Amino acid sequence: MRIGIDLGGTKIEGIVLGPDGAERARRRADTPGGKYGGTVAAIAEMVAALAQESGLGPDTPVGVGIPGAVSPASGLVKNANSACLIGQPLDADLAAALGRPVRLANDADCFAVSEAADGAGAGMDVVFGVILGTGVGGGLVVRGRPLAGPNAIAGEWGHNPMPWPMAEDGLDERPGPQCYCGQTGCIETFLSGPGLARDFETRSGAALDPRAIAAAAAAGDAVAEATLARYERRLARALASVINVVDPDVIVLGGGLSNLERLYVSVPELWQDWVFSDLCETPLRKNRHGDSSGVRGAAWLWPGNGGASG
């Protein structure tokens, strides 16, 4: 038995998984906005409730997915879009508050672990999990284990520059939009949900979210269709650069934009132009567990049947 916690900017989700990966309990609560101490307390309260509901002892471990990473140099949280976590010893504070063994990982790593354990990447040795949502993240899992790297940034493909930049429909991709990380032209600025919406608004003057853009394209709107076609070419280029470096057995998409079903046909057809091989057979798959992948992957951070070993 293991407990998983998915700490998001607006919600905290908790789950208990049995040895077979079956869900035994689940809870949700609002994240105390901008309050570090309140966040630690809310997680502790949720873990206690899950443990009581499932009859778990004090040795049951907890995995926590966070919107950032723990710096190997300082032991403090870095690169988090929840600002109250930055610079805090979250793993130590949670271990003290919970009185249980705790492991932390980036939320994209948790997504990838979940899909590698019993999702769309089950049975594959090397799984690259992609988050296409408000931001663009990634996680790399090798034989069931998340690969963090010595700097705890493995899989952060969203903060590389868009490869093979070009003039798309009359507008040059260089230098590209400003990114919150301080650089310009990051993959995230093009492939995130806000990036897609900005690209459409630049051409049309209308502000639509990605779901509305997809609906407009399906209804025959030429500008919306051209926007999605640019998005597909950009995603193909960006993933081709991942394939050229990692050559994963499978790439699994998550996040809101993973619901664009056309991506799974168009992108593998397009990326062949940039993959350094005579033939690219890498499968591109939609996630199996949807919004539950993050919390399930957090639970799988601990050893178990089919989960991440360590």
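The values are calculated or read from the model by the stated rules, or taken from the named source; none is laboratory data. Keep in mind it's a predicted model, so treat the numbers as computed, not measured. When we count neighbours, we look across all protein chains shown, and the Cβ atoms used for this are built from the backbone with ideal geometry, even at glycine.
Annotations for the structure displayed:
- Among the residues listed as 118, 107, the single one being modelled with pLDDT under 95 and touching a strand residue (DSSP E or B) at 6+ places or on another chain (Cβ under 7 Å): 107
- Checked against the criterion of being part of a helix (DSSP H, G or I), closer than 30 Å to residue 142 by Cβ and either charged (D, E, K, R) or touching a strand residue (DSSP E or B) at 6+ places or on another chain (Cβ under 9 Å) (or both), segment 193-204 contains one or more residues that satisfy it.
- Selection count where residues are under 19 Å from residue 134 (Cβ atoms) and not aromatic (Phe, Trp, Tyr), scope segment 203-238: 13
- Search result, residues across segment 160-172 that are of a type outside the set (Asp, Glu) and outside any loop (DSSP other than H, G, I, E, B): 161, 167, 171
- For residue 180, the conditions (1) assigned to a loop (DSSP other than H, G, I, E, B); (2) among the aromatic types (Phe, Trp, Tyr); (3) surrounded by 18 or more Cβ atoms within 10 Å (Cβ to Cβ) all hold with the exception of (3).
- The listed residue being of a type in the set (A, V, I, L, M), touching a helix residue (DSSP H, G or I) at 6+ places or on another chain (Cβ under 6 Å) and not assigned by TED's automatic domain parsing to the domain that holds residue 20, out of 77, 102, 64, 127: 127
- Yes/no for residue 216 being aliphatic (A, V, I, L, M), in the same structural domain as residue 162 (by TED's automatic domain parsing), surrounded by 19 or more Cβ atoms within 10 Å (Cβ to Cβ) and farther than 17 Å from residue 192 by Cα: yes
- The residue list 152, 148 contains one member that is in contact with a Gly (Cβ under 9 Å, 6 or more places away or on another chain), in contact (Cβ under 8 Å) with a residue 12 or more places away in the chain, closer than 22 Å to residue 112 by Cα and surrounded by fewer than 23 Cβ atoms within 10 Å (Cβ to Cβ), which is 148.
- Hits in segment 234-269 - residues which are surrounded by fewer than 20 Cβ atoms within 10 Å (Cβ to Cβ), closer than 20 Å to residue 165 by Cα and out of contact with any Phe, Trp or Tyr (no Cβ under 8 Å at 6 or more places or on another chain): 245, 266, 268, 269
- Verdict on residue 231 being surrounded by fewer than 23 Cβ atoms within 10 Å (Cβ to Cβ) and modelled with pLDDT of 95 or more: no
- Filtering segment 129-159 to residues that are over 23 Å from residue 82 (Cβ atoms) and part of a loop (DSSP other than H, G, I, E, B) leaves 143, 144, 147, 150.
- Taking first residues from segment 1-28 that are within 18 Å of residue 108 (Cα to Cα) and free of Cβ contacts under 8 Å to residues at least 60 places away in the same chain and partners that are aliphatic (A, V, I, L, M) and surrounded by 15 or more Cβ atoms within 10 Å (Cβ to Cβ), the Cβ contacts under 9 Å between residues at least 6 apart in sequence or on separate chains come to 12/5; 12/42; 12/43; 12/46.
- Test: residue in segment 234-253 that is of a type in the set (Ser, Thr, Tyr) and either free of Cβ contacts under 8 Å to residues at least 24 places away in the same chain or in contact with a Gly (Cβ under 6 Å, 6 or more places away or on another chain) (or both): no
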